[in-house]
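This report refers to the structure that appears directly beneath it.
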Amino acid sequence: MAIQQRGRTADGAALGRAIHLRYERPVVFADDYALDLVSASARFACRSPFLYRLLLRRGVAPFRSFVASTLSAMRYIEERLSDAVHEGFTQYLVLGAGLDSFALRRLDLCESLRVFEVDHPVTQALKRKRIERFLGTPPAHLEFVPADFECESLDEALAASRFDPTARTLFSWIASIPYIEESSVHETFRSISRHATEGSEIVFNFGSWGTQTGPGGSGGVNEHLQRATRSRGEPLKSAFDPEALLKAVCEQGYQRVELLDGNAQTQRYFADRSDGLHVVPGSQLAHVRRADS
Ligand SMILES: C[S@@+](CC[C@H](N)C(=O)[O-])C[C@H]1O[C@@H](n2cnc3c(N)ncnc32)[C@H](O)[C@@H]1O
């Protein structure tokens, strides 16, 4: 893996959110920090409607349904967090955070939440640099926890942080699982379990492409995405049968709250729009709650 390429899928995801806010209506998820966090060249092109039409629009078209899955997942999580802070959650832990801007943007919720961002150290260094450029020091409620899930355990990474395993925590893992080998995904869920007190929750999304037949099964990962992620040094490595993954996670002490396939997410968040924006059918959004142990 070319180290300098790391972070480019995070850049692509944030650019997708910036384009959504600037050029698509109705807005499903308003990430008004995404534009500040992307690379200078992407920001320049996205700000200008002329350059957007000339340089970006056609290039990003094949990825819109994947960006839509991120918009839908982030909206779901932030809706849940708005209630969770009133129910006593005091920590939000974001795995594979990329250029997620929650900790910069949702200062209303961060009054009562400590935010931990766990990500590959190279992506995280890039993000720090970008935050410092437009904001100065990162906010005090945000702690960066570097970890490469393919060769380090989440346990070790969290042990070196101020994460409190006795505090109710919402864990999120969005648009990142497909980049991790299946065995490391399972190991990371086991590690989350060791750090999740009763009542904690996980919201995560993953691909089911190629694991099922029928609608929502192979429906999904396209050649463009495979090629683009490979050329960015972060190839897609895993996809799961949704029921099998949910069962494996729930066996570690969770109850299912919700499982939404791409079509259900489209119905919930993208109905009644004229631009055809929809969530890729094979993108699954899952929500589980830690039960009595
Ligand atoms: C497409 S980005 C998504 C980022 C963010 N969740 C979002 O939706 O904007 C994929 C993320 O997975 C992270 N990632 C990929 N491989 C990883 C690994 N081996 N260990 C830790 N993080 C990894 C990348 O650093 C990146 O932040």
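The values are calculated or read from the model by the stated rules, or taken from the named source; none is laboratory data. On a predicted model such as this, the values are computed, not experimentally measured, just so you know. Note that we place each Cβ from the backbone using ideal geometry, even for glycine, and neighbour counts take in every protein chain shown.
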PRO165 versus (1) surrounded by 15 or more Cβ atoms within 10 Å (Cβ to Cβ); (2) within 16 Å of SER200 (Cβ to Cβ): which is the lone unmet condition?
-> (1)
A careful count of residues in the stretch 226-250 that are outside any helix (DSSP H, G or I) and of a type outside the set (A, V, I, L, M) gives 8
Is there a residue being within 29 Å of CYS250 (Cβ to Cβ), at pLDDT 95 or above and not in a loop (DSSP other than H, G, I, E, B) anywhere in the stretch 118-132?
-> yes
Could we say that SER69 is of a type in the set (Ser, Thr, Tyr), modelled with pLDDT of 95 or more, in a helix (DSSP H, G or I) and more than 13 Å from the ligand (Cβ to nearest atom) here?
-> no
Which residue pairs have Cβ atoms under 7 Å apart, sit 6 or more places apart or on different chains, and have a first residue in the stretch 134-160 that is under 16 Å from ARG190 (Cα atoms) and a second that is polar (S, T, N, Q) and within 11 Å of the ligand (Cβ to nearest atom)?
-> PHE149/SER184; PHE149/THR188; GLU150/SER184; LEU154/THR188
Do we have LEU21 as out of contact with any His (no Cβ under 6 Å at 6 or more places or on another chain) and either surrounded by fewer than 21 Cβ atoms within 10 Å (Cβ to Cβ) or closer than 16 Å to VAL279 by Cβ (or both) here?
-> yes
Over the stretch 73-103, the set of residues within 13 Å of the ligand (Cβ to nearest atom), assigned to a helix (DSSP H, G or I) and hydrophobic (A, V, I, L, M, F, W, C) is ALA73, MET74, ILE77, PHE102, ALA103
Tell me which of these PRO62 doesn't satisfy, since it passes every other one: (1) surrounded by fewer than 18 Cβ atoms within 10 Å (Cβ to Cβ); (2) over 26 Å from LEU260 (Cα atoms); (3) touching a residue at least 40 places away in the same chain (Cβ under 8 Å); (4) of a type outside the set (D, E, K, R).
-> (2)
Those residues of the stretch 41-66 which are within 18 Å of SER274 (Cα to Cα) and part of a loop (DSSP other than H, G, I, E, B), in sequence order | none
Name the pairs: first residue in the stretch 173-202 and under 23 Å from SER231 (Cβ atoms), second residue of a type in the set (D, E, K, R) and surrounded by 22 or more Cβ atoms within 10 Å (Cβ to Cβ), Cβ to Cβ under 6 Å, at least 6 apart or on different chains?
-> TYR179/GLU234
In the stretch 1-40, what residues are at pLDDT below 95, over 17 Å from the mean Cα position of the chain (by Cα) and part of a helix (DSSP H, G or I)?
-> ILE3, GLN4, GLN5
